[in-house]
2 protein chains.
Amino acid sequence: MSLFMLTSTRFSSEPRSSDLLAATLRHRRERLAAQIDVPVLLWSGRSSARNFPANVYAYRANSHFLYFAGLPLYNAAIRLASGRLELFMDDATPAYILWHGDSPQRDQIAQTIGADAAYPLSHLESLDAEFATIPVQDAATRQWQSQVRQRSLPSTLQDWDLALAKAIVELRLSHDEAAIAEIRKAVATTVEAHRAGMAATPKAQWEAQIRAAMEQVIMADQMTCAYSSIVTVQGEVLHSDRYSNAIEPQDLLLADVGAEAESGWAADVTRTWAVSGKFSPTQRDIYDLVLSAHDQCIEKARPGVEYRDLHLLAAQVIAAGLTDLGILRGHAEDLVEQDAHALFFPHGIGHLLGLDVHDMEDLGDLAGYAAGRSRSDRFGLGYLRLDRPLQAGMAVTIEPGFYQVPALLNDPQRRARYQDLVNWERLAQFSDVRGIRIEDDLLITATGNEVLTAALPTQAEAIEQMVA
Amino acid sequence: MSLFMLTSTRFSSEPRSSDLLAATLRHRRERLAAQIDVPVLLWSGRSSARNFPANVYAYRANSHFLYFAGLPLYNAAIRLASGRLELFMDDATPAYILWHGDSPQRDQIAQTIGADAAYPLSHLESLDAEFATIPVQDAATRQWQSQVRQRSLPSTLQDWDLALAKAIVELRLSHDEAAIAEIRKAVATTVEAHRAGMAATPKAQWEAQIRAAMEQVIMADQMTCAYSSIVTVQGEVLHSDRYSNAIEPQDLLLADVGAEAESGWAADVTRTWAVSGKFSPTQRDIYDLVLSAHDQCIEKARPGVEYRDLHLLAAQVIAAGLTDLGILRGHAEDLVEQDAHALFFPHGIGHLLGLDVHDMEDLGDLAGYAAGRSRSDRFGLGYLRLDRPLQAGMAVTIEPGFYQVPALLNDPQRRARYQDLVNWERLAQFSDVRGIRIEDDLLITATGNEVLTAALPTQAEAIEQMVA
């Protein structure tokens, strides 16, 4: 992999964007300095080996590093102290250049990102061991972090590291203009990928072909997938990563695919369409219900609104709609209180979106849950990844769904508990609806929200037209 | 990811292929048992995290595990002792099934692979700590291996582990029929990927679009890339992993792209074509020279021939050809002895191919180099990955090339050393040849070899036709 993942061409041809980058990074670290007064060391990380050391997975720089360093540097570190930025990385060796080509030098990169000083990596060893840091994902770099710290990093964040994590959450919860611009790029490519998936469906025989048509768009745009794509006729498998099913005309195809820009910022979009191009009446009924939950949540999303309340709103809309369809029996509020909605909508309404598709999930629930809050024990709430009031600059997904998961619906305990609340015979008439999810990316604005993914239609008729 | 990466459908519909699998695995472990009499424990490994723990890279099972277990099981282990096979894995939990779908049960898998017994993972802890093993790539599983061993795995293989590695090398050097059948599948898809890359070139504006067209084929066939694709107009960057260059009509496009079957077996193919569809006279001269080296090596490859001699043959052909073209001065043999060929052909002629694209490279040079041999210090030989006599059943690549690497050609020391051997003015006339490589996959047969990748032409005219 390259020491430096952006090309030097792109760089030198856009001097003004580089000034913008340096200004953005300065603003971010000044905000950090206002919150924490110990020095901060952040590592970019290194590649992880696949089947042998030289055969590595595509490198991904650590997100906290990316936020403050701006570029996906390989095997680098930065030190942030009192608003100053210091860069630590080695210049490419001749052997490296032979195999991987020339890369910008440390000093050139330092200038691009507006670093106040730049040193070789070995300089890290001579620094004061008292600093705050966040562990990266690759084991070799984590070990190196411990070494520079002169003691092991504990498995849960403590002391200064915890204070740093909280300060970073505070910053990263609301995106600045530079971040939003990058998310928009990832969204634009993601929208095209979904269009390509729909267009490829009539000629596809199995899921892998539709996945390939979608990811091709992402690759061709010099982006990568922000997460393992879900492209399946088994929409009820919530995190399916198999693509081997044959697709049949009566199937629904659920595609949850999102691009990640070279800068690391992500999009996360799901659409569900009929393989035949035309929803059956039962598929259409459920689709419209999920869409109604989706639309009503988006309608309500604005600063100050509790995200948890959007989840409960979606649960309520789905419970009421399933009652109207004769699948559930009772009052929507009672049904939600008994988690009956979660039989068919077992996950949360969405999550934070940013440099990570589940933004800052490496920090556990520190970002997702407001101080003093923690996950619910309730089946219908426990999978909620975000429980905070919305605020301007936040990017979140809204992704209600309906699924018939055999493991849930055939579970004897649940079956007994919900025996009278579910009309099982009526439900059987909806057997051609295995899984539907509709997911968009929202930017919370000062007065409401902007659907960043609005260029990709959600209405059933529009979806049908794109497949046909 | 799934506990079990093959679909159960594929499974049950092909009972006979499952019998075949069990028979193949039995044969492999009986051969192993003939060479080593300590129990062997092999782990499949687990996923590596990308930017946060739940966002993982696509899982790849350890190759040694795959060789003896036959299936890309997730988080499993096998014990091989006296020809017996024992499987260790946990059945999917209800929470797992909710998110990832149903998976075959341990007992079903045990039957498929012909295991003599099957246990939950916890059973590993109760085994005798005296066993041979090979460390996997992911850190969490490596730690677990140490734990079951009741001591750290040393950083270099020792004692029983070294004996096991040598025994495995002995087995994996020559492929059995089942392995060859899988390599053929990977080759077939790879050939189609290259055709797609050539076909996509006339409309492509930058490298990423051609890469996307090629990898789409691999993905659509439910395979993965065996290694990070090289698709570049900068062919002189030997392991380039950037795809951001614009492509221009006068450029050559070098594509080194290979598929890996679901079973793990790999293909590895390089073609170089003219973006315009038509090689310039200088490009054509060098292309034909590289092709001549390629053809002459393949002509000679048969059991008993030293692979190193094929490397030297290619070096000789290239040196002689560059002399004929007026780029080098002197006798080919002298030039090769002085490593003058390596100015333009700095890498080895190829490597072993199997479950790893550089087969068994996780064992260092244990597989690549015959006992008692080690890497040369010579610039023109030191990058050779394979130095053994060829034997029937071996799969190797043949991949000569010509490159103008600025880091080599502008290096003052080399420039001085080769001042009189290179006609620098003549070389300047070939400035439109940045990098050419032609790589095929060979199976060594009893009497010669079979070019597994023969369906993809190498002749310049044929290549031109495929782009046009």
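The values are calculated or read from the model by the stated rules, or taken from the named source; none is laboratory data. What you see is a predicted model, and the numbers here were worked out from it, not measured in a lab. Heads up, the Cβs are rebuilt from the backbone with ideal geometry, glycines too, and the neighbour counts pull from every protein chain shown. For accessibility, only protein heavy atoms count, side chains too; no ligands or nucleic acids. Shrake-Rupley method; radii C 1.70, N 1.55, O 1.52, S 1.80 Å.
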message = Tell me whether the range A:401-419 contains one or more residues that are over 23 Å from A:Ile298 (Cβ atoms), surrounded by fewer than 23 Cβ atoms within 10 Å (Cβ to Cβ), in the same structural domain as A:Leu310 (by TED's automatic domain parsing) and of a type in the set (Phe, Trp, Tyr).
response = yes
ask   = Could we say that A:Arg388 is within 14 Å of another protein chain (Cβ to nearest Cβ) and touching a residue at least 12 places away in the same chain (Cβ under 8 Å) here?
value = no
query = For A:Ile168, all conditions in the list (1) of a type in the set (A, V, I, L, M); (2) in a helix (DSSP H, G or I); (3) open to solvent by 10 Å² or more (accessible area, probe 1.4 Å) hold save one; what is the number of the exception?
reply = (3)
query = in the same structural domain as B:Tyr369 (by TED's automatic domain parsing), open to solvent by less than 20 Å² (accessible area, probe 1.4 Å) and among the small types (Gly, Ala, Ser), is that true of B:Ala342?
reply = yes
inquiry  = I'd like to verify a number: residues in the range B:288-333 that are small (Gly, Ala, Ser) and farther than 26 Å from B:Arg415 by Cα, how many?
reply    = 3
ask   = Can you name every residue in the range B:420-447 that is more than 15 Å from B:Gln283 (Cβ to Cβ), open to solvent by less than 10 Å² (accessible area, probe 1.4 Å) and of a type outside the set (D, E, K, R)?
value = B:Val422, B:Leu442, B:Ile444
ask   = Which residue pairs have Cβ atoms closer than 6 Å, lie 6 or more positions apart in sequence or on different chains, and pair a first residue in the range B:75-104 that is on the phi > 0 side of the Ramachandran plot with a second residue that is open to solvent by 20 Å² or more (accessible area, probe 1.4 Å)?
value = B:Asn75/B:Arg46; B:Ser82/B:Ala33; B:Gly83/B:Glu30; B:Gly83/B:Ala33
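Which of the residues spanning the range A:27-53 are of a type in the set (A, V, I, L, M) and touching a Phe, Trp or Tyr at 6+ places or on another chain (Cβ under 9 Å)?
Scanning the range A:27-53 gives A:Leu32, A:Ile36, A:Val38, A:Val40, A:Leu41, A:Leu42, A:Ala49.
Here are B:Gly350, B:Gly326, B:Gly354, B:Gly321: which of them is buried (at least 24 other Cβ atoms within 10 Å of the Cβ) and either within 16 Å of B:Gln404 (Cα to Cα) or touching an Asp or Glu at 6+ places or on another chain (Cβ under 6 Å) (or both)?
Residue meeting the stated conditions: B:Gly350.
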task = Tell me which of these B:Arg414 doesn't satisfy, since it passes every other one: (1) among the charged types (D, E, K, R); (2) within 12 Å of chain A (Cβ to nearest Cβ); (3) without any contact (Cβ under 8 Å) to a residue 24 or more places away in the chain; (4) within 20 Å of B:Gly330 (Cα to Cα).
result = (3)
ask   = Condition test on B:Ala460, is it over 21 Å from B:Gly348 (Cα atoms) and surrounded by 14 or more Cβ atoms within 10 Å (Cβ to Cβ)?
value = yes
inquiry  = For A:Ala261, only one of the following conditions fails: (1) closer than 18 Å to A:Leu355 by Cβ; (2) at pLDDT below 95. What is its number?
reply    = (2)
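To keep it simple, each residue is scored yes or no on (1) closer than 20 Å to B:Ser48 by Cα; (2) in contact with a Leu (Cβ under 8 Å, 6 or more places away or on another chain); (3) of a type in the set (Ser, Thr, Tyr); (4) open to solvent by less than 10 Å² (accessible area, probe 1.4 Å).
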position	(1), (2), (3), (4)
B:Ser82	no, no, yes, no
B:Phe88	no, yes, no, yes
B:Pro94	no, no, no, no
B:Pro120	no, no, no, no
B:Ile134	yes, yes, no, yes
B:Ser146	yes, yes, yes, no
B:Arg151	no, no, no, no
B:Pro154	no, no, no, no
message = Here are the criteria: (1) open to solvent by less than 20 Å² (accessible area, probe 1.4 Å); (2) within 14 Å of chain B (Cβ to nearest Cβ). Tell me which single one A:Phe68 does not satisfy.
response = (2)
request  = Could you name every one of the strands (runs of 3 or more DSSP E) located completely within the range A:44-139 that has at least 3 residues being assigned by TED's automatic domain parsing to the domain that holds A:His27 and more than 27 Å from A:Leu157 (Cβ to Cβ)?
outcome  = A:49-52
ask   = Across the range B:23-59, what is the number of residues that are open to solvent by 30 Å² or more (accessible area, probe 1.4 Å) and in contact (Cβ under 8 Å) with a residue 12 or more places away in the chain?
value = 13
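Here is a list: A:Leu25, A:Leu20. Which entry is modelled with pLDDT under 95, part of a helix (DSSP H, G or I) and more than 13 Å from chain B (Cβ to nearest Cβ)?
A:Leu20
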query = So, of the residues in the range B:360-374 that are away from chain A (no Cβ under 14 Å) and in contact with a Lys or Arg (Cβ under 9 Å, 6 or more places away or on another chain), which turns out to be farthest from B:Ala163 (Cα to Cα)?
reply = B:Arg373
request  = Kindly provide the set of residues from the range A:357-385 that are buried (at least 20 other Cβ atoms within 10 Å of the Cβ) and touching a residue at least 60 places away in the same chain (Cβ under 8 Å), ordered by number.
outcome  = A:Val357, A:Asp359, A:Met360, A:Asp362, A:Leu363, A:Ala367, A:Gly380, A:Leu384
task = Would you mind telling me which numbered condition in (1) surrounded by fewer than 23 Cβ atoms within 10 Å (Cβ to Cβ); (2) within 14 Å of another protein chain (Cβ to nearest Cβ); (3) more than 15 Å from the chain's Cα centre (by Cα) B:Leu313 fails?
result = (2)
Number of positions in the range B:122-132 that are open to solvent by 50 Å² or more (accessible area, probe 1.4 Å) and more than 23 Å from B:Pro53 (Cβ to Cβ) = 5
inquiry  = For the range B:101-118, check the following and say yes or no: at least one residue is away from chain A (no Cβ under 14 Å), open to solvent by 40 Å² or more (accessible area, probe 1.4 Å) and under 27 Å from the mean Cα position of the chain (by Cα).
reply    = no
request  = Please verify whether the range A:403-415 includes one or more residues that are under 20 Å from A:Ala267 (Cα atoms) and within 22 Å of the chain's Cα centre (by Cα).
outcome  = no
task = Please go through the range B:243-291 and pick out each residue that is among the small types (Gly, Ala, Ser) and more than 25 Å from B:Ile318 (Cα to Cα).
result = B:Ser244, B:Ala246, B:Gly258, B:Ala259, B:Ala261, B:Ser263, B:Gly264, B:Ala266, B:Ala267, B:Ser276
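Look through B:Val257, B:Val275, B:Val290 and report the one residue that is of a type outside the set (S, T, N, Q) and closer than 13 Å to B:Val187 by Cβ.
Criteria check complete, one pass: B:Val257.
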